[in-house]
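The next block holds one structure in the form of structure tokens; read it before the comments.
Just so it is clear, none of the values below were taken in a lab; they were calculated from the coordinates. If you're wondering where the values come from, they're calculated on a predicted model, not measured in any experiment. Virtual Cβ from ideal backbone geometry, glycine too; neighbours counted across all protein chains shown.
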Amino acid sequence: MASNHLSVELARSARAPRARARGLITALAALSLVFGAAQSAVAFLQTPDQASLESGSTQVVAQGVVDVPSGDLVWQVTSMTASPPVNARPQQSSLGFLIVQTGVMLAQDVATGVQERLPAGEAMLTLPGSTQLRAALGANAADYLEFSLVTSGTEPPSGAELVFTSDPFTGLGARHDIDLLQGAMASGETLSLPSGSLPTLIYSTRGAADITIESGETVPLEVGQAVSLVGPLTVTAGGDGTDVSIAYTGPSVPLLTEGAATPMAVGRVIEGVAVAATPAAGTLPAATAAAGRRTSAEDTDGDGLSNADEAELNTDPELVDTDEDGLSDGDEVHQFKTSPLAPDTDGDGLLDGDEVAQGGDPLSGIAVETQPAETPAAEEPAVETAPAESAPEAPAAVAGDSDGDGLPDEIEASLGTDPFDTDTDDDGLSDGDEYNVYQTGTRNPDSDGDGVLDGDEVTNGTNPNDPASS
């Protein structure tokens, strides 16, 4: 392959700050290398019966047989943060892969209800035309990357930050195997990749690497950079080791029947074992219901309030629950007559959603009642005794929330909390408040490890997620 056809495009992008971002990535860069006319000379060199690309520490973690479109295509890498379940918004997925970087994310297909739970480091294949809800589970936000194979000129999804776009290349218009490889490569470790049917996308999440192309030239890859390359490649980890994610397009795959078939997406692969995606009983709270009742473009978030009503009320037309109190904006206005902008409408110290879940009145101004201790009669001897403490009333169970803590049983099952115990870790905060309000650990009584229980920190007015605030 002649080196005079080499063209290199270098692009860098700084990640814009987000209100809830953890500041894990402050700057991202992208490097795109494409061999123009020479591409056709090296495509389709992998034979149909070639073995898996697994080598050393690098393994295939997600794959599937998909229809690769024709026309001008590009590899696109975007970065996003998943919202809490109540504010999860449906979004169209593209052909490619979703890779979770931090936190735990739940991805649910709106049409089928099929769900994937993805902790940090896990990935899944995504298909075009499907609509997904993506929500962060647990105390931390879920940051994730998308590797998308899209038509040239396609805009990134709403709310996504564009990290990298390759130069355009010609699509295949055929069914192909597509793999996502991930590996933690030790210092000096090498990985050989044969020519793919499309340019191969390589992204570094840790450490530098050198990529040797067919001509013998070396392309450096730094942490946070992506590169799209054509031809057989050799990846060599730098002195501190390198973590890589690689999107590779394999050979064409024939249909086994004459009838038209829908591409079958294989689920995640963990330690070499394929994990099939299975529907879970129930759906994401609030957001799924919103998706089901979305009937008009005039109600963008499907919360029961039109965009015009939201503009008048100053609520967010793209959030189901603007004040994050556990009640949708529409239910607050139409059903409970609470304020969609005030999480505690009556100011009694309980969130409106918690009051409703516990069978209380979010407009009464009265918190959960406790049984007062009896006062001794005046004529009795003045013997001082400590009044007996009376436990607050247990919250009323509701359908799908056995302990009435504001956290549906389905979510409790995914978190490993006790659906019959309102406070699994006994830190003074209900599981529902920890998950929906404070974003603290539902199974960690001291989320920031400063020696003070999360509930005590909230009572003291300190931040249970910041050890410096205690």
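Would you mind checking which residues have amide H under 5 Å from D316's amide H? H placed 1.01 Å from N; only 5 or more apart, or other chain.
Amide H to amide H, under 5 Å and 5 or more residues apart or across chains, D316 pairs with T322.
Using Cβ counts within 10 Å as a stand-in for footprinting exposure, how do F420, F336 rank, fewest first?
Least to most surrounded, the residues fall as F420, F336.
Determine the principal axes of the Cα atoms in segment 148-237, then give the extent along each, sorted from largest to smallest and rounded to whole angstroms.
38, 31, 22
So how far apart, in nm, are the two label points at A120 and V253 if each is 7 Å from Cα heading toward Cβ?
Going from the A120 label point to the V253 one covers 3.2 nm.
Through the Karplus equation 6.51 cos²θ - 1.76 cosθ + 1.60, θ set to phi - 60°, convert the phi angles of segment 212-220 into ³J(HN,Hα) values in whole Hz; use x for Gly and Pro.
Along segment 212-220, the couplings run 9, 9, 4, 6, x, 6, 10, 10, x Hz.
Step through the residues of segment 417-430 one at a time and calculate ³J(HN,Hα) from phi using the Karplus curve (6.51 cos²θ - 1.76 cosθ + 1.60, θ = phi - 60°), rounding each to whole Hz and writing x for Gly and Pro.
Working through the residues one at a time gives 8, 8, x, 10, 10, 5, 9, 4, 9, 6, 9, x, 10, 5 Hz.
Would you order M105, M80 from fewest to most other beta-carbon atoms within 10 Å of each residue's own beta-carbon?
M80, M105
From the backbone phi of segment 328-335, what are the Karplus-calculated ³J(HN,Hα) couplings (6.51 cos²θ - 1.76 cosθ + 1.60, θ = phi - 60°) in whole Hz, Gly and Pro given as x?
Taking θ as phi minus 60°, the curve returns 5, 4, x, 5, 4, 6, 8, 9 Hz for segment 328-335.
A311 to N465: FRET efficiency via 1/(1 + (r/R0)^6), r the Cβ-Cβ distance, R0 35 Å, to the nearest 0.05?
0.60
Given the Cα-Cα distance of D426 and R443 and 0.36 nm per residue of separation, how much length would full extension add, in nm?
Gain on stretching D426 to R443: 5.3 nm.
Please order Y438, Y203 by the number of other Cβ within 10 Å, starting at the fewest.
Going from least to most buried by this count: Y438, Y203.
Work out how much length S187 to S130 would gain on full extension: take 0.36 nm times their residue separation and subtract the Cα-Cα distance, in nm to one decimal.
Here the answer is 16.5 nm.
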